[in-house]
Amino acid sequence: QVQLVESGGGLVQPGGSLRLSCAASGRTVSTFTLGWFRQVPGKEREFVAALIWSSGSVFYADSVKGRFTISRDNAKNTVLLQMNSLRPEDTAVYYCAARNGSGLIRTDTAYAYWGQGTQVTVSS
């Protein structure tokens, strides 16, 4: 079992920045993919970014490429999502997710473990 705890959400003005953190515990994530998804009420959960822990390979949705950066802190078993140049359309609940292996990275149903979510609101 893997437990995921997110932090770092909040309210920010358009053009601003936020950094989300996701701390993993319960077992080693060395063979895992850690991902971020987001969801707006009434819409499907959307892939944002993912990182393959073993290789450090990263993947992004087109909508956030160039603005968001996913990274890891090995010592803390934590994955980070730095979000810059935020837009109102980035407003959503952001979820951290984890899966063993590295296939179907952009598919939410491939992830077995989920955090509780953290609200990000971009508004003036």
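The values are calculated or read from the model by the stated rules, or taken from the named source; none is laboratory data. Note that this is a predicted model, so its numbers are computed, not measured. So basically every Cβ, Gly included, is an ideal-geometry build from the backbone, and we count neighbours across all protein chains shown. Please note that ligands, DNA and RNA were not included when accessible areas were found on the heavy atoms of the full protein model with its side chains. Shrake-Rupley method; radii C 1.70, N 1.55, O 1.52, S 1.80 Å.
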Candidate set from the range 73-98 (those that are modelled with pLDDT under 95 and among the charged types (D, E, K, R)); member that is nearest to T28 (Cα to Cα): K76
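Check R19, R67 and return the single one that is at pLDDT 95 or above, open to solvent by 50 Å² or more (accessible area, probe 1.4 Å), closer than 21 Å to S123 by Cα and not small (G, A, S).
After applying the criteria, what remains is R19.
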Hey, G10 in contact (Cβ under 8 Å) with a residue 40 or more places away in the chain and closer than 27 Å to S123 by Cα or not: yes
Selected residue (only one of D62, D90, D73 is closer than 16 Å to G8 by Cα, open to solvent by 40 Å² or more (accessible area, probe 1.4 Å) and out of contact with any helix residue (DSSP H, G or I) (no Cβ under 6 Å at 6 or more places or on another chain)): D73
Pairs where the first residue, in the range 105-124, is surrounded by 15 or more Cβ atoms within 10 Å (Cβ to Cβ) and the second is aromatic (F, W, Y) and not in a helix (DSSP H, G or I), C-beta under 6 Å, 6+ apart: I105/F59; R106/F47; D108/F37; W114/Y95; G115/Y95; G117/Y95; T118/Y94; V120/Y94
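So if I check each of A50, A98, which one is open to solvent by less than 20 Å² (accessible area, probe 1.4 Å), without any contact (Cβ under 8 Å) to a residue 60 or more places away in the chain and farther than 16 Å from G9 by Cβ? Working first, answer last.
Details: A98 fails: without any contact (Cβ under 8 Å) to a residue 60 or more places away in the chain.
Result of the check over A50, A98: A50.
What do you reckon, is G103 farther than 21 Å from A23 by Cβ and in a loop (DSSP other than H, G, I, E, B)? Outline the logic, then answer.
Working: farther than 21 Å from A23 by Cβ: yes; in a loop (DSSP other than H, G, I, E, B): yes.
Criteria met by G103.
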Which listed residue, of L86, L4, is aliphatic (A, V, I, L, M) and in contact with a Leu (Cβ under 8 Å, 6 or more places away or on another chain): L86
Neighbours by Cβ (under 9 Å, 6+ apart or cross-chain): first from the range 72-94, within 12 Å of W36 (Cβ to Cβ); second hydrophobic (A, V, I, L, M, F, W, C) and open to solvent by 40 Å² or more (accessible area, probe 1.4 Å): V79/A23; A92/V40; V93/V40
